[in-house]
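Beneath this line is the structure, given in structure tokens, with notes to follow.
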Amino acid sequence: MPVFKNEGNGTWYVMARYVNWKGERKQKCKRGFATKRDAQEWERKFQLQNSADLDMDFEAFTEIYANDVKNRRYIRVSRR
């Protein structure tokens, strides 16, 4: 995917296209990277996280898991 430079303020941004879990085509724009390398690295991680392939590093997997668990609410049921 392409990485672009914003000439106005000198930062880089990414336009990533992906297919979500419903099969819908989506587009995500992430702005404000200081270097082109940072933008490309973010894009690579984003594509790995949204793919159905488990061929990713452990850090990326734990980040996805932590974000998923953070949004859940656990209800403790007491048994008597």
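Some notes on this structure:
- Each of N6 and S51 was given a label point 7 Å from its Cα along the Cα-to-Cβ line. The distance between the two points is 2.8 nm.
- Listed residues D38, D55, D68, most fluctuating in the chain (Gaussian network, C-alpha, under 10 Å): D68
- Mean residue ellipticity at 222 nm, helices only, the chain: -11500 deg cm²/dmol; runs of at least 4 DSSP H residues each add -39,500 (n - 2.57), and the sum is divided by the number of residues.
- Option label - Cα extents along the principal axes in Å computed here, alternatives (i) 50, 25, 19; (ii) 66, 27, 23; (iii) 56, 25, 18: (ii)
- For the stretch 8-18, 3J(HN,Hα) computed residue by residue from phi via the Karplus equation (6.51, -1.76, 1.60; θ = phi - 60°) reads x, 10, x, 9, 10, 9, 10, 10, 9, 10, 8 Hz, glycine and proline entered as x.
- In the chain, the longest principal axis of the Cα atoms and the axis of helix 58-70 are about 60 degrees apart.
- Gaussian network model of the chain, springs between alpha carbon atoms under 10 Å - residue of W42, W21, W12 with greatest fluctuation: W21
- Selection of trypsin sites (Lys or Arg not before Pro), the stretch 1-72, meeting DSSP coil and at most 12 other Cβ within 10 Å: K22, R72
- Exposed-loop-free span, longest in the chain, where GluC sites (Glu not before Pro) count as exposed if DSSP calls them loop and at most 12 other C-beta atoms lie within 10 Å: 25-80
- Lysines with Cα under 16 Å of K36, excluding same-chain neighbours fewer than 8 positions away: K5, K45
Laboratory data are not the source of any read-out in this text; all were calculated from the coordinates shown. None of the values given here were measured: they were computed from a predicted structure. Ideal geometry is used to build each Cβ from the backbone, glycine not excepted, and the neighbour counts take in all protein chains shown.
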